[in-house]
Amino acid sequence: MSQAKVIVVGAGVAGLCCALELGESGYAVEVVERGRTLGDGCCSWMAGGMLAPWCERATTEPAVATRGAPSIDWWMQRFPGTVRRGSLVVAQARDAGELSRFAARTEHFEWIEAARLAELEPDLAGRFRRALFFAGEAHLDPRQALAALADALRRRGVPIRFGVSFSAAASRHDLVVDCRGFGARDALVDLRGVRGEMLVIRSREIDLARPVRMLHPRIPLYIVPRGEGVFMIGATMIESERRGGPTVRSAVDLLNAAYALHPAFGEAEILEINADVRPAFPDNLPAVRQDGRTLYANGLYRHGFLLAPALAREVVVRVSDLLPSLETIDADLRERRPA
């Protein structure tokens, strides 16, 4: 049973997490990816990498926090670059009500005053009167994390074949785990696209040790440190399936919000401007669905790195439940074939 052959389609965060969990559970696994390299055409490549279940709890279903919280330890065990220094949520004085509303919708945080904020982030000293500190949260660099997962799979002998468009009809594997994300629209009719836009900048004038979210009625912002003065800025969630680069308006909004967080960002160097479409189901929660020998693991929405480990664990359970029934069906078919 444990030597059943499983092929995982897609080498984004969902596919690599599923493949690693399956490999660790004793299944023979192979990964195929139509992109030419790791991250090619993959929305995971543009992710923020925040492992922030309690910050997300303020604006999402409770399931995001309950499923996502264990993922912090999962990543810390498998990717040494995971940083657990918590998250900060701030708001300018005129938007103080936004901070109170955010706090009322979540938990596992502490209110901190300006002096404590200055201890945690000296470069934000004097800029905000109060903040919310989520000490248990973490963050990572998505691109480094994907590379670490790929290396872990190779060490386990799990091949990753790039430049391969997989056809389930041509597979000789026992089971297919489809993790194509938005590319699975051909099979998942209720899958929709939510466009996200991001900037990567470098500043030699400001340093942050942890992700900071700044609340704003119109343009909420998160900024995630990548190390060596590099930051990722994001926040946009646009109900659109259009691919291509960010709009000028979105880029200006993000830059203006970063400048409002700290004017030093006005002198930062822009390293990258990018966008992609994230897959989401109507309830904005991921799911595993079955169609014959194919399991579709999809719908991570904007919680890719936070919820991918939970999705992968669900896939392992579904595989272990499904394979015996498939083997029984195959045995019945063989018995019915004419000699």
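Rule-based calculations on the coordinates, nothing more; no lab input. As the structure is a computational prediction, the values presented were derived from the model and not from experiment. So basically every Cβ, Gly included, is an ideal-geometry build from the backbone, and we count neighbours across all protein chains shown.
Computed quantities for the displayed model
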quantity: Gain in span if fully extended, residue 100 to residue 256, counting 0.36 nm per residue against the direct Cα distance; calculated: 53.9 nm
quantity: Helix-only CD estimate at 222 nm, as mean residue ellipticity for the chain, using -39500 (n - 2.57) per DSSP H run (n ≥ 4); calculated: -10000 deg cm²/dmol
quantity: Estimated inter-spin distance, residue 185 and residue 202, nm [label 7 Å along Cα→Cβ]; calculated: 3.6
quantity: Where labels lie 7 Å past Cα in the beta-carbon direction, separation of residue 118 and residue 61 in nm; calculated: 4.4
quantity: Alpha carbon convex hull of segment 1-79, projected area averaged over orientations, nm²; calculated: 6.4
quantity: Dmax and Rg, reported as Rg then Dmax, of the chain (C-alpha, Å); calculated: 21.4, 84
quantity: DSSP-defined beta bridges in the chain - what % are antiparallel, rounded to 5; calculated: 70
quantity: Cα long-axis angle, helix 304-336 against the chain (0 to 90 degrees, to the nearest 10); calculated: 10
quantity: Segment 20-47 and segment 197-257: distance between their alpha carbon centers, rounded to Å; calculated: 26
quantity: Degrees, to the nearest 10: 13-24 long Cα axis against longest axis of the chain; calculated: 50
quantity: Where GluC sites (Glu not before Pro) in DSSP loops with at most 14 other Cβ within 10 Å are excluded, longest remaining stretch of the chain; calculated: 1-106
